[in-house]
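Rule-based calculations on the coordinates, nothing more; no lab input. The model shown is predicted, which means the values in this text are computed figures rather than measured ones. Note: ideal-geometry Cβ built from the backbone for every residue, glycine included; neighbour counts use all protein chains shown.
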Amino acid sequence: RSSMGRRRVVVLAPFTLPFAGWGSARAESFDWASPGLASRPEDDVGPEFIKTANGTKVQILQQGRGEKPSVGDTIVYDFVLRRSNGYFVYSTVEGLGFQPRDVPTGPREYAVGSDDERVISGLREVLMECKAGSQVRLLVQPENGYTPLQAMASDEREPSMPTYATRRQLANHASEPLLFEVQVSKIRRKQQK
């Protein structure tokens with residue numbers, strides 16, 4: 001007789017939730033596949049994670065083209081945000097299955113140089129290295145993400161969350177890493193004089 005008695009152990013295999021094809025053309029332009037609720041970002045699935053100077057782990061899914069952004073440029077990007085265990089928090093991409101239809105979506109903009117203090121440092125550091133068309137996955141450590149107070153303030157930090165529920169979820173889990181999947185759609189260059 002085992003020491004576990006009548007208890008049974010159930011092991012769930014990691015799985016992937018396919019999102020491509022669930023809605024609009026924007027959702028289909030990039031494979032916003034979830035790392036899965038049982039999968040960890042450090043698993044040997046896909047390209048290797050690279051650690052940045054401030055501790056953010058980056059997985060380059062697709063290299064972009066052109067030049068990196070510089071001061072005065074505006075980076076236009078979409079993202080999906082999950083907790084480190086894979087639970088969905090928010091997305092700027094229309095047509096994802098977990099997000100209510102009344103939640104505002106649409107790409108975000110980061111004006112390099114003027115928005116530097118508003119954008120969370122883990123995301124800002126990586127966006128500065130991305131070219132137009134880049135697709136990356138980031139594991140942002142808590143110290144480079146949101147504090148509970150910043151998460152609850154709707155306009156304190158970027159990317160800001162549009163609903164109370166998404167802000168509350170970030171505040172409740174501010175001590176956990178955040179998993180971003182980011183696609184840089186374009187970089188608007190500063191006006192030349």
Along the charge dipole of region 152-193, Cβ charges K/R +1 and D/E -1, which of Gln169, Val184, Pro159 sits furthest on the positive end? Val184
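So if I place +1 on the C-beta of Lys and Arg and -1 on the C-beta of Asp and Glu, and nothing else carries charge, what would the dipole magnitude of region 86-132 be about its Cα centre? I want it in debye, nearest 20. Write down the numbers at each step before the final one.
Numbers: 5 positive and 8 negative charges, 31 e Å.
Roughly 140 debye, rounded to the nearest 20.
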Suppose each label sits 7 Å from its Cα in the direction of the beta carbon; what would the Arg101-Ala165 distance come out to in nanometres? 1.5 nm
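Given the pairs Lys51/Lys186; Lys131/Lys186; Lys68/Lys186, which are separated by over 18 angstrom at their Cα positions? Please report the intermediate quantities before stating the final value.
Values: Lys51/Lys186 25 Å; Lys131/Lys186 8 Å; Lys68/Lys186 11 Å.
As for pairs spanning more than 18 Å Cα to Cα, those are Lys51/Lys186.
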